[in-house]
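A.B. asks: Structure incoming, see below.
The values are calculated or read from the model by the stated rules, or taken from the named source; none is laboratory data. Everything numeric here is computed off the predicted structure, so don't read it as measured data. All Cβ positions, glycine included, derive from the backbone under ideal geometry; neighbour counts span all protein chains shown.
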């Protein structure tokens with residue numbers, strides 16, 4: 001794809017009324033989607049919005065979120081978007097449906113569209129509508145760098161992988177790409193999350209602490225070197241968090257090895273999906289220097305090999321013809337990092353990308369559904385979105401305050417307006433489809449009055465009743481995604497109803513993730529993309545798993561939650577290999593977490609894929625990983 005418009009970026013607003021001729025969409029399809037229409041102008045999730053209530057929320061929202069927090073040039077319509085009620089009233093006017101759509105579709109571009117439309121008309125006459133769309137897509141994908149996009153199946157992603165080395169990867173997109181490059185002994189990336197053998201020919205459970213693995217014959221890495229039991233040994237021995245429960249690994253022959261655990265450890269079989277690296281590339285482990293690092297891995301045995309990486313903009317994978325499960329259909333996968341929600345939409349509409357998974361916002365789906373060149377597929381997911389508290393920060397160390405937050409947040413309103421109903425309320429990390437899910441836990445229906453009472457009881461009275469003063473103020477950190485920011489602002493507006501001031505702070509995902517992982521936050525919202533093994537509750541909530549205090553840094557208890565009874569229950573759950581005997585431990589753990597609330601469970605979002613028509617073979621998996629790209633093809 002040639003870079004057709006190498007101009008410096010300026011903020012502009014793309015009107016689909018002019019660019020695509022979808023006047024019906026601008027005039028009301030979004031407004032009336034799912035039957036809401038404009039009759040909800042003065043209602044919040046079915047409740048009338050009282051003038052006094054509006055004034056109160058406006059004052060507090062201005063204190064907590066004003067002064068540039070929204071960062072939009074055009075205000076959305078308060079009749080259509082509840083998160084917009086405050087800012088539009090502050091501005092003294094409501095915005096039109098067109099303005100709301102412009103807000104949703106604002107993105108960095110080399111063009112400035114003036115109100116008269118003169119520049120737009122000139123550009124349309126210069127290159128035509130389709131030509132202009134193609135030019136915009138070229139700019140969006142090239143990222144204003146002038147680089148050409150390699151030929152291949154183009155997948156849009158919203159952040160760059162921090163690492164592809166399976167031993168050290170921690171971010172979601174890094175995990176997804178790593179699994180395409182580095183094959184494991186087994187995979188859980190299946191339609192029902194049950195394991196499937198990949199590199200392993202067999203896995204024998206000799207005892208509760210001994211597992212014998214035999215590899216398939218003839219395995220090779222991407223460079224043609226043989227993959228043997230020694231490579232498996234080095235992979236595990238150089239991955240500290242995997243060796244925590246392994247006493248030793250014995251290589252019996254080139255294809256056979258035995259894992260001996262220190263004690264029974266139920267999640268061990270899940271560990272066998274770790275991608276295998278090449279001993280010849282990373283080097284052996286120096287057992288006399290346990291802290292010594294091996295070299296970074298780039299050679300795997302997965303369906304695709306790493307061909308090229310351009311900084312944080314592009315990752316190119318090429319097909320590995322000797323892949324153990326058979327060669328993939330597409331010869332090359334191109335993962336293009338496009339951080340802006342609307343730039344991804346433009347790339348899809350212009351035909352410059354083939355797939356976007358879970359990064360086209362539900363509010364944009366009517367535009368996609370109206371395009372004859374695209375299809376939308378959705379499936380239920382196990383993905384868990386949550387609001388996390390730093391429990392070492394006052395007043396969030398008080399469970400009454402945490403419960404008040406849960407009571408103040410109206411998840412139905414957010415799911416209704418922001419997700420178009422494409423999400424279900426969560427009661428905890430595990431989805432209802434999970435074998436260990438416990439339905440009988442404390443639940444938090446929206447109840448602002450009860451939330452105020454809890455805050456009063458916790459010693460944080462409202463200083464001025466319905467006035468603008470707050471009980472306390474906190475910072476809420478989220479990624480720079482406009483969609484996630486809009487959700488955070490709506491949560492902040494809901495919390496302002498009970499007297500809590502919230503300042504939403506956004507940052508690029510890599511920086512955001514590192515700050516949260518280091519404990520530098522008060523409130524944050526994240527997702528667990530694939531909670532399959534219930535021992536993830538241990539990793540997320542056990543008091544020994546605070547990442548900045550854990551010697552190996554592999555914990556995920558970023559909110560530093562601590563509860564002795566929960567620790568004991570989670571320890572018992574990971575020691576019991578029998579699933580039926582494990583389940584009661586995780587049932588109690590879920591009840592404790594619902595009572596103590598280190599997280600406010602928000603929702604399980606549906607997995608949504610936008611595909612170019614003619615793409616076949618792609619299957620949405622419950623954990624939203626990308627294994628089915630091995631079978632994808634284009635007509």
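A.B. asks: Regarding residue 231, is this residue part of a loop (DSSP other than H, G, I, E, B), in contact with a helix residue (DSSP H, G or I) (Cβ under 7 Å, 6 or more places away or on another chain) and either more than 21 Å from residue 575 (Cβ to Cβ) or modelled with pLDDT of 95 or more (or both)?
C.D. replies: Working: part of a loop (DSSP other than H, G, I, E, B): no; in contact with a helix residue (DSSP H, G or I) (Cβ under 7 Å, 6 or more places away or on another chain): yes; either more than 21 Å from residue 575 (Cβ to Cβ) or modelled with pLDDT of 95 or more (or both): yes.
Taking the combined requirement at face value, the residue does not satisfy it.
A.B. asks: Report the residue count in region 244-258 for those that are within 33 Å of the chain's Cα centre (by Cα) and either under 17 Å from residue 204 (Cβ atoms) or at pLDDT 95 or above (or both).
C.D. replies: Step one: of region 244-258, the residues within 33 Å of the chain's Cα centre (by Cα) are 244-246.
Of the ones still in play, those that are also either under 17 Å from residue 204 (Cβ atoms) or at pLDDT 95 or above (or both) are 246.
The qualifying residues number 1.
A.B. asks: Mind listing just one residue for me: the one in region 536-555 that is surrounded by 21 or more Cβ atoms within 10 Å (Cβ to Cβ) and touching a residue at least 24 places away in the same chain (Cβ under 8 Å) and, of those, nearest to the chain's Cα centre (by Cα)?
C.D. replies: 540
A.B. asks: Evaluate region 220-230: report whether one residue or more is surrounded by fewer than 19 Cβ atoms within 10 Å (Cβ to Cβ), closer than 26 Å to residue 286 by Cβ and within 33 Å of the chain's Cα centre (by Cα).
C.D. replies: yes
A.B. asks: Look at residue 410 and say whether it is more than 30 Å from residue 570 (Cα to Cα), over 20 Å from the mean Cα position of the chain (by Cα), crowded, with 18+ Cβ neighbours inside 10 Å and in contact (Cβ under 8 Å) with a residue 60 or more places away in the chain.
C.D. replies: Working: more than 30 Å from residue 570 (Cα to Cα): yes; over 20 Å from the mean Cα position of the chain (by Cα): yes; crowded, with 18+ Cβ neighbours inside 10 Å: yes; in contact (Cβ under 8 Å) with a residue 60 or more places away in the chain: yes.
Spelling it out, residue 410 is indeed more than 30 Å from residue 570 (Cα to Cα), over 20 Å from the mean Cα position of the chain (by Cα), crowded, with 18+ Cβ neighbours inside 10 Å and in contact (Cβ under 8 Å) with a residue 60 or more places away in the chain.
A.B. asks: Mind listing whichever residues of region 368-398 are surrounded by 17 or more Cβ atoms within 10 Å (Cβ to Cβ) and either on the phi > 0 side of the Ramachandran plot or not in a loop (DSSP other than H, G, I, E, B) (or both)?
C.D. replies: If the condition is that a residue be surrounded by 17 or more Cβ atoms within 10 Å (Cβ to Cβ) and either on the phi > 0 side of the Ramachandran plot or not in a loop (DSSP other than H, G, I, E, B) (or both), then 368, 374, 384, 385, 386, 387, 388, 389 are the ones that fit.
A.B. asks: So for region 470-486 (the condition being surrounded by fewer than 17 Cβ atoms within 10 Å (Cβ to Cβ), part of a loop (DSSP other than H, G, I, E, B) and more than 24 Å from the chain's Cα centre (by Cα)), does at least one residue qualify?
C.D. replies: Scanning region 470-486 turns up no residue that is surrounded by fewer than 17 Cβ atoms within 10 Å (Cβ to Cβ), part of a loop (DSSP other than H, G, I, E, B) and more than 24 Å from the chain's Cα centre (by Cα).
A.B. asks: Ok, one more. For region 498-519, how many residues are in a loop (DSSP other than H, G, I, E, B) and crowded, with 21+ Cβ neighbours inside 10 Å? Show your work before the answer.
C.D. replies: Of all residues in region 498-519, those in a loop (DSSP other than H, G, I, E, B) come to 498-499, 508, 518-519.
So of that shortlist, the ones also crowded, with 21+ Cβ neighbours inside 10 Å come out as 498-499.
Matching residues across region 498-519 total 2.
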